[in-house]
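K.L.:
Dumping the structure here so I can ask a few things about it.
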Ligand SMILES: NC(=O)c1ccc[n+]([C@@H]2O[C@H](COP(=O)([O-])OP(=O)(O)OC[C@H]3O[C@@H](n4cnc5c(N)ncnc54)[C@H](O)[C@@H]3O)[C@@H](O)[C@H]2O)c1
């Protein structure tokens with residue numbers, strides 16, 4: 001295992017499971033000094049903290065609802081006071097329409113679901129970045145922000161209209177934040193394709209034709225399978241590391257080749 005995150009004090013949102021957990025644990029394995037884990041879900045967040053400690057870093061848990069501005073500000077303050085500073089903010093938490101509403105599509109989508117998706121996927125990333133900015137600017141340890149966007153922010157989606165629009169907004173926010181925080185703080189995003197996490201599995205369970213949707217999700221990859229959370233964590237940790245010292249405002253696809261073509265493997 002490399003030590004390319006040596007000394008970094010990292011905060012990962014939505015880290016009770018899925019890619020957030022994978023990023024937190026991999027960061028610890030790559031030498032991070034400390035990792036703060038934020039989520040709504042206490043048991044999952046505590047499990048991630050145990051995994052982070054086992055991988056060699058200090059860990060703390062901040063329970064926070066990222067739809068609430070006061071929770072976001074508290075999350076940043078608690079992370080800073082636990083770690084003595086902040087070098088990396090990973091805005092990973094996200095929600096998709098189908099988790100909040102059964103049968104969500106363009107025609108049925110409820111405006112409250114639209115707002116809730118934007119609250120977590122865009123507004124929380126903006127507020128967390130804004131609150132973290134003074135601490136990141138003060139960091140002497142290669143500060144950066146890493147945002148979790150999606151290929152759905154580039155291509156249209158059938159059953160995730162608010163989600164896709166929110167991820168497009170997050171891509172734009174990534175670039176504006178990179179402009180605002182240059183040259184002190186680098187800001188980048190990664191775009192996962194279909195990754196085998198609880199979110200992807202719940203999405204599959206929510207659609208009428210599970211097999212068709214699954215074939216569509218994996219068949220759209222040039223590498224015709226689901227990606228693994230660790231395959232995305234590798235890229236997130238690279239973007240957070242000093243190995244990416246000349247990378248800012250960039251959008252990295254980790255999508256098995258989805259955005260490279262318009263085809264579908266049989
Ligand atoms: N899984 C995929 O195929 C896929 C593809 C592209 C992008 N993404 C993005 O990657 C990120 C991680 O996805 P995942 O698949 O690991 O998701 P997941 O649903 O497995 O995990 C997301 C975590 O975010 C937390 N969260 C949600 N709302 C929150 C809130 N209001 N406050 C605090 N925490 C909250 C959840 O509790 C959960 O632990 C998300 O931003 C997602 O949109 C996922």
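A short reminder: the numbers here are calculations on the coordinates, not readings from a lab. Predicted model, so just to flag it, every value in this text is computed and none were measured. Quick reminder, even Gly has a Cβ in these numbers, built from the backbone with ideal geometry, and neighbours come from all protein chains shown.
K.L.:
Once the Cα atoms of helix 42-54 and of the chain are each reduced to a long axis, what angle between those two axes, in degrees from 0 to 90 to the nearest 10, is obtained?
P.N.:
Compared with the principal axis, the helix lies near 50 degrees.
K.L.:
Residue 111 label point, 7 Å along Cα→Cβ, cut-off 16 Å on backbone N: hits in segment 136-176?
P.N.:
Output list for this probe position: 162.
K.L.:
Moving on. Relative to the longest principal Cα axis of the chain, at what angle does helix 18-29 sit, 0 to 90 degrees, rounded to 10?
P.N.:
30 degrees
K.L.:
Now for a separate question. Please report 207, 12 as a ranked list, fewest other C-beta atoms within 10 angstrom at the top and most at the bottom.
P.N.:
Placing the least packed residue first, the sequence is 207, 12.
K.L.:
For a quick check: sort 163, 252 by the number of other beta carbons within 10 angstrom, fewest at the front.
P.N.:
Numbers: 163 28, 252 19.
Placing the least packed residue first, the sequence is 252, 163.
K.L.:
Per 0.36 nm of contour for each residue apart, how much would the distance between residue 242 and residue 6 grow if the chain were fully extended, relative to their Cα-Cα spacing? Kindly include the intermediate steps, with their values, before the conclusion.
P.N.:
Numbers: separation 236, 0.36 × 236 = 84.96 nm, distance 0.97 nm.
Full extension from residue 242 to residue 6 adds 84.0 nm.
K.L.:
Go ahead and estimate [θ] at 222 nm for the chain from helices alone: -39,500 (n - 2.57) per DSSP H run with n ≥ 4, summed, over the residue count, rounded to 500. Each step should come with its number before you reach the end.
P.N.:
Numbers: 10 runs with 119 residues, N = 266.
Computed mean residue ellipticity for the chain: -14000 deg cm²/dmol.
K.L.:
Taking only Cα atoms and a 10 Å spring cutoff, compute GNM fluctuations for the chain and point out the largest among 88, 248, 38.
P.N.:
Top of the fluctuation ranking is 248.
K.L.:
Based only on other Cβ atoms within 10 Å, what is the fewest-to-most ordering of 114, 261?
P.N.:
On the way: 114 19, 261 11.
With the sparsest Cβ surroundings first, the list reads 261, 114.
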